[in-house]
Every structure is written in structure tokens, then in C-alpha cells.
1. Identify the residue in the stretch 10-30 that is buried (at least 19 other Cβ atoms within 10 Å of the Cβ) and over 11 Å from the mean Cα position of the chain (by Cα) and, among all such residues, is farthest from Ser68 (Cα to Cα).
2. Taking Asp76 as meeting all but one of (1) modelled with pLDDT of 65 or more; (2) in a helix (DSSP H, G or I), write down the number of the exception.
3. Return the residue satisfying two criteria in turn: it lies in the stretch 21-57 and is charged (D, E, K, R) and in contact with an Asp or Glu (Cβ under 8 Å, 6 or more places away or on another chain), and of such residues it is modelled with the highest pLDDT.
4. Could you list all residues from the stretch 42-61 that are touching a Leu at 6+ places or on another chain (Cβ under 8 Å) and either among the hydroxyl-bearing types (Ser, Thr, Tyr) or farther than 17 Å from Glu7 by Cα (or both)?
5. Search the stretch 43-55 for residues that are within 12 Å of Leu11 (Cβ to Cβ) and of a type in the set (A, V, I, L, M) and pair each with any residue that is modelled with pLDDT of 95 or more and surrounded by 14 or more Cβ atoms within 10 Å (Cβ to Cβ) when their beta-carbon atoms are under 6 Å apart and the residues are at least 6 apart or on different chains.
6. Which of the residues belonging to the stretch 79-97 are in a helix (DSSP H, G or I) and modelled with pLDDT under 80?
7. Confirm whether Ala69 is out of contact with any Cys (no Cβ under 7 Å at 6 or more places or on another chain) and surrounded by 15 or more Cβ atoms within 10 Å (Cβ to Cβ).
Amino acid sequence: MPKQTTEVDRLVGVRITALRKAKGLSQTALGNAVGVTFQQVQKYEKGQNRVGAGRLREIARLLEVPVSAFFEEQADSESGDDNVFGFLSAQGAIELLRAYVQIEDEQLRREVLAIVRSAARLSRAVSPPPPAPAPAEGRDA
């Protein structure tokens with residue numbers, strides 16, 4: 001029977017994705033560097049395939065992080081802070097951060113941050129709440 005992937009495999013994949021994008025590498029470039037196809041990298045990143053220890057060590061070396069970066073407990077999220085890897089996996093997050101760090105003027109950085117925070121507040125105010133689940137009719141609860 002084949003081994004099933006786990007939540008740990010999925011989290012490792014999320015972290016590979018975020019760190020790869022932060023380095024500006026494509027799935028193809030990462031795959032070529034570690035000797036696998038981009039499709040295999042996709043499977044690693046989605047948590048569909050497990051990453052072997054040796055290959056994970058090579059990925060960590062290429063991404064210039066310790067292997068432990070893929071496994072660190074999420075103590076921050078338990079204390080109320082948000083998960084950085086979750087943020088980095090959001091569409092456009094890496095590009096936004098790259099552009100932000102290129103702003104040298106500290107006052108301008110603060111102003112950009114204020115604009116982004118305002119846009120986020122407006123987005124939450126404009127977005128309709130998700131629909132409530134319909135009550136189950138004719139079923140015993």
C-alpha cells in the first residue's frame with residue numbers, strides 16, 4: 001500500500017512555494033537544479049508527493065535556508081500572530097514585498113503601508129459576508 005501524504009507534507013510544500021517565490025525561482029528552475037521535473041515540484045508544493053530527506057536538503061541549500069525552515073512549529077500563530085508562510089502564498093504577496101523594500105524613503109514607506117491598510121479596510125467593508133448555510137429541512141438533527 002502506498003504511503004499517504006500528511007498535513008506535514010502539505011505544510012512543507014507551502015513553505016517550499018513561498019521560499020521559491022521569494023528567491024524569484026520558477027518551478028522549472030527549482031526542478032532543474034534538484035534533478036526533477038517542474039511537475040514533480042508542483043506535486044511537492046501541493047503536498048501530493050512527499051519530499052525525500054536528501055532532496056529536501058538540496059532544496060534548502062538552493063533556497064539558502066536551513067532544512068528546519070520547512071518544519072518549524074507554528075508557535076507564532078498559536079500566540080495570535082499570523083502565519084508568515086500563509087501570507088507569502090497569497091497571490092501577489094511576494095511581488096508587493098519586493099516593491100515595498102525597494103522604497104528607500106522611510107516616510108514614503110509608511111505612506112504606502114497606510115494606503116494598503118486603507119485598501120484592506122475598504123475591501124472588508126465592501127465585500128458582502130459569506131452566505132449562511134441553508135437549514136437542513138426534513139432531517140433529524
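The values are calculated or read from the model by the stated rules, or taken from the named source; none is laboratory data. What you see is a predicted model, and the numbers here were worked out from it, not measured in a lab. Cβ placement follows ideal geometry from the backbone for every residue including glycine, while neighbour counts extend to all protein chains displayed.
1. Among those that are buried (at least 19 other Cβ atoms within 10 Å of the Cβ) and over 11 Å from the mean Cα position of the chain (by Cα), it is Gln27.
2. Among (1) modelled with pLDDT of 65 or more; (2) in a helix (DSSP H, G or I), the lone unmet condition for Asp76 is (1).
3. Filtering the stretch 21-57 for residues that are charged (D, E, K, R) and in contact with an Asp or Glu (Cβ under 8 Å, 6 or more places away or on another chain), the one modelled with the highest pLDDT comes out as Arg50.
4. Kept after step one, since they are touching a Leu at 6+ places or on another chain (Cβ under 8 Å), are these residues of the stretch 42-61: 47, 59.
Residue satisfying the conditions is Ile59 alone.
5. Short answer, once both residue conditions are applied: Val51/Tyr44.
6. From the stretch 79-97, those in a helix (DSSP H, G or I) are 84-88, 93-97; that's our starting set.
If the condition is that a residue be in a helix (DSSP H, G or I) and modelled with pLDDT under 80, then Val84, Phe85, Gly86, Phe87, Leu88 are the ones that fit.
7. Values: out of contact with any Cys (no Cβ under 7 Å at 6 or more places or on another chain): yes; surrounded by 15 or more Cβ atoms within 10 Å (Cβ to Cβ): yes.
Answer is yes for this residue.
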